[in-house]
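As structure tokens, the structure follows; a few thoughts come after it.
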């Protein structure tokens, strides 16, 4: 996609791609997933409808592109955790930071609320979201393997629920903060961080037991 | 509403009201909050569009009616907790049961996903959802007062975050189960129940300290 989009503007291709995806995110968040028309999405991206359709033949293709970009960022964060001198501490700090970000900068919450709702109605969106969830849980399970000293397949089996619960907490803190109208409830944030600690402590306890 | 609706059918008024609200819930869940037209909502309820508009002049009015009915059920559950010989045990059992229901009978998840997403875009829906959240947190805080022996205003202040976190866990377990395509991840359920226990243990600990 990058190369073809580049032909249309003088902006460097990567920056143009980011700009288009950002405009799609904003439009979904503002108009709703069903409410946003292809015309509105194209106009917001500064493209003709015909050209826009070539890159994004469906809303599922847009969600796919948004998810792919977000997953690249997530992958990088987990690479940093694995490379850290103390991966357990780095993972804890990373998850805490992510929860704090979700509750303070919850601008993305309306987008994900829209996409999550659409995922329950439209199998093609559901499939993209399940892939995202699976990949993030995969990264978490590999980090849990590193922390617990268990082989990856066993860590995945034993801590799959821990990974899913951590993802659930991240997602729901953002939605909760947004539902409260952006008011940060710092006691709620602290409580969610204690739940994250509970999850990580259960994983670390396996190591302690040898 | 009950009385006026009753005039149109031979079904007892209460049953007819329940029937209409159920048809609205189903239509929102299937078509999406924006996707469902007033025509479709009226047809699903077996009413003329004109008549339907008289009862529900807006989608916000429908959400209000759905929320009001659900809150009446929640109120009854909390009355049962307060009347139980051991309110702490009854609350724990009630919350566990609710989480288990959310993950096994998650038919309501698409509806709430739709309404939650709409709440972030439409202030009038957001206001109804905030009222629901506030009322449920109020019931929880009063139960926490009973369990901890603290006066209600102090329990509300100290355990407001605990109440909000319990509501968050209930909501997100249903959405999570639905996102997994209805597959019950019993290890995830158990982990969420341990988080509920963590919340309740923190509340009970206040009592233990006197």
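The values are calculated or read from the model by the stated rules, or taken from the named source; none is laboratory data. The shown structure was predicted, so the numbers you read here are calculated from the model rather than taken from an experiment. Here the Cβ is made from the backbone with ideal geometry for all residues, glycine too, and neighbour counts use every protein chain on show.
Of the helices (runs of 4 or more DSSP H) lying entirely inside the range B:91-210, those containing at least 2 residues that are more than 13 Å from chain A (Cβ to nearest Cβ) are B:123-148, B:152-179, B:186-208. The residues of the range A:20-30 that are over 17 Å from residue A:61 (Cβ atoms), within 18 Å of the chain's Cα centre (by Cα) and surrounded by fewer than 22 Cβ atoms within 10 Å (Cβ to Cβ) amount to a single one, A:26.
Scanning the range B:80-87 for residues that are exposed (fewer than 15 other Cβ atoms within 10 Å of the Cβ), outside the structural domain of residue B:201 (by TED's automatic domain parsing) and touching a helix residue (DSSP H, G or I) at 6+ places or on another chain (Cβ under 8 Å) turns up nothing.
Can residue B:202 be described as surrounded by fewer than 24 Cβ atoms within 10 Å (Cβ to Cβ) and free of Cβ contacts under 8 Å to residues at least 40 places away in the same chain? No: the conditions fail for residue B:202.
Is it the case, given these coordinates, that residue A:118 is in contact with a helix residue (DSSP H, G or I) (Cβ under 6 Å, 6 or more places away or on another chain) and modelled with pLDDT under 90? Against the criterion (in contact with a helix residue (DSSP H, G or I) (Cβ under 6 Å, 6 or more places away or on another chain) and modelled with pLDDT under 90), residue A:118 qualifies.
Being in contact with a helix residue (DSSP H, G or I) (Cβ under 6 Å, 6 or more places away or on another chain) and within 23 Å of residue A:183 (Cα to Cα) is a property that holds for residue A:111. Applying the condition of being within 14 Å of chain A (Cβ to nearest Cβ), within 18 Å of residue B:112 (Cβ to Cβ) and more than 18 Å from the chain's Cα centre (by Cα) to the range B:31-80 and asking which residue is modelled with the highest pLDDT yields B:36. Checked against the criterion of being at pLDDT 95 or above and more than 14 Å from chain B (Cβ to nearest Cβ), the candidates A:6, A:88, A:15 yield just one match: A:88.
Within the range B:52-61, the set of residues being surrounded by 15 or more Cβ atoms within 10 Å (Cβ to Cβ) and in contact (Cβ under 8 Å) with a residue 40 or more places away in the chain comprises B:55, B:59, B:60. Apart from one condition, residue A:165 fits all of (1) crowded, with 24+ Cβ neighbours inside 10 Å; (2) touching a residue at least 40 places away in the same chain (Cβ under 8 Å); the exception is (2).
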